[in-house]
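Quick note: the coordinates plus some simple rules give every number you see, no bench work behind them. Since we're looking at a predicted model, the values are computed, not measured. Note that we place each Cβ from the backbone using ideal geometry, even for glycine, and neighbour counts take in every protein chain shown.
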Amino acid sequence: MSEALAHANIYTEKDYYNLPENVRAELIDGQIYYMSAPSRIHQKVLSYLHVRIANYIDSKDGPCEVYPAPFAVKLFSENDRNVVEPDISVICDPNKLTDRGCTGAPDWIVEIVSPSNSSHDYIRKLNLYADAGVREYWIVNPIKETIFVYHLEETKFEAAAYTFQDKIKVNIYDDMWIDFTELGL
């Protein structure tokens with residue numbers, strides 16, 4: 001006697017966009033992952049980074065744009081099973097920008113870890129972003145005061161670890177640094 005195997009639902013971009021507006025979620029490999037409201041410290045780090053990045057881009061009058069969450073990123077144009085909402089997305093190709101957000105890999109993504117989703121950012125999204133061709137990925141952990149920087153070199157991420165006592169070079173730019181001591185945590 002054989003038992004039927006349970007089939008997990010596979011969701012698509014259409015399902016993602018049909019979620020109620022007040023629901024925060026991401027679609028990864030056809031699965032919906034719900035997100036809780038961010039903490040105050042999460043928002044403080046997000047605001048600090050967003051302002052620093054936006055000011056740098058404005059000062060250079062370059063083609064890049066920075067978007068804080070919520071901002072939908074469809075990582076693969078040919079795949080409708082992955083729509084994420086990174087905490088910060090930097091997109092340097094204006095052709096990737098759509099009315100709904102971004103289609104294609106951003107040049108730089110920053111995720112700020114929440115206690116409820118740390119493995120999501122450190123494992124699931126790291127692999128997803130590498131596969132999509134994100135040039136730089138930062139994982140900022142405000143509780144542990146650490147930053148992991150992954151920079152795509154050819155086909156693999158080069159990794160470096162920092163703390164909130166460090167001034168960190170942004171690899172996608174020649175002359176941009178983020179000084180985490182200014183955050184005042």
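Each label was represented as a point 7 Å from its Cα along the Cα-to-Cβ direction; for Ala160 and Glu21 these points are 4.3 nm apart. Scalar couplings 3J(HN,Hα) for region 14-27, obtained by applying the Karplus form with A = 6.51, B = -1.76, C = 1.60 to θ = phi - 60°, are 4, 4, 4, 6, 8, 5, x, 4, 7, 9, 9, 7, 10, 10 Hz; x denotes Gly and Pro.
Couplings for region 39-44, taken from phi via the Karplus curve 6.51 cos²θ - 1.76 cosθ + 1.60 with θ = phi - 60°, read 6, 4, 5, 4, 5, 5 Hz in order; Gly and Pro are left as x.
Largest first and in whole Å, the equivalent-ellipsoid semi-axes of region 23-66 read 28, 17, 6, each the square root of five times a Cα gyration tensor eigenvalue.
Each part reduced to its alpha carbon centroid, region 17-38 and region 69-99 end up 14 Å apart. By the Cβ distance rule (another cysteine Cβ under 4.7 Å), the unpaired cysteines of the chain are Cys102.
For Lys14 and Val51, the difference between the fully extended length at 0.36 nm per residue and the C-alpha to C-alpha distance is 10.1 nm. Taking θ as phi - 60° and the Karplus parameters 6.51, -1.76 and 1.60, the scalar couplings of region 49-64 work out to 5, 4, 5, 4, 5, 4, 4, 4, 4, 4, 5, 8, 6, x, x, 6 Hz in sequence order, x denoting glycine and proline. Near the amide H of Arg24, within less than 5 Å, lie the amide hydrogens of Met35, all on another chain or at least 5 residues away, with H placed in the peptide plane.
Using a cutoff of 8 angstrom between alpha carbon atoms and counting only pairs six or more residues apart, the relative contact order for the chain works out to 14 percent.
The computed Rg/Rh (Cα atoms, Kirkwood Rh) for the structure shown corresponds, within (i) 0.99; (ii) 0.95; (iii) 1.07, to (i).
For region 81-185, the alpha-carbon radius of gyration amounts to 1.06 times the rule-of-thumb value 2.2 N^0.38 Å expected for a compact globular protein. The fraction of all Cα pairs in region 1-94 landing in successive 5 Å bins from 0 to the largest distance is 3, 11, 18, 18, 16, 13, 10, 5, 2, 2, 1, 1, 0, 0, given as whole percents. Highest mobility in the GNM of the chain, judged by mean-square fluctuation with C-alpha springs under 10 Å and restricted to Ile91, Ile53, Ile41, is found for Ile41.
Over 29 Å apart at the Cα level, from the set Lys74/Lys167; Lys96/Lys125; Lys14/Lys44; Lys44/Lys125; Lys125/Lys169; Lys14/Lys60, are Lys74/Lys167; Lys14/Lys44; Lys14/Lys60.
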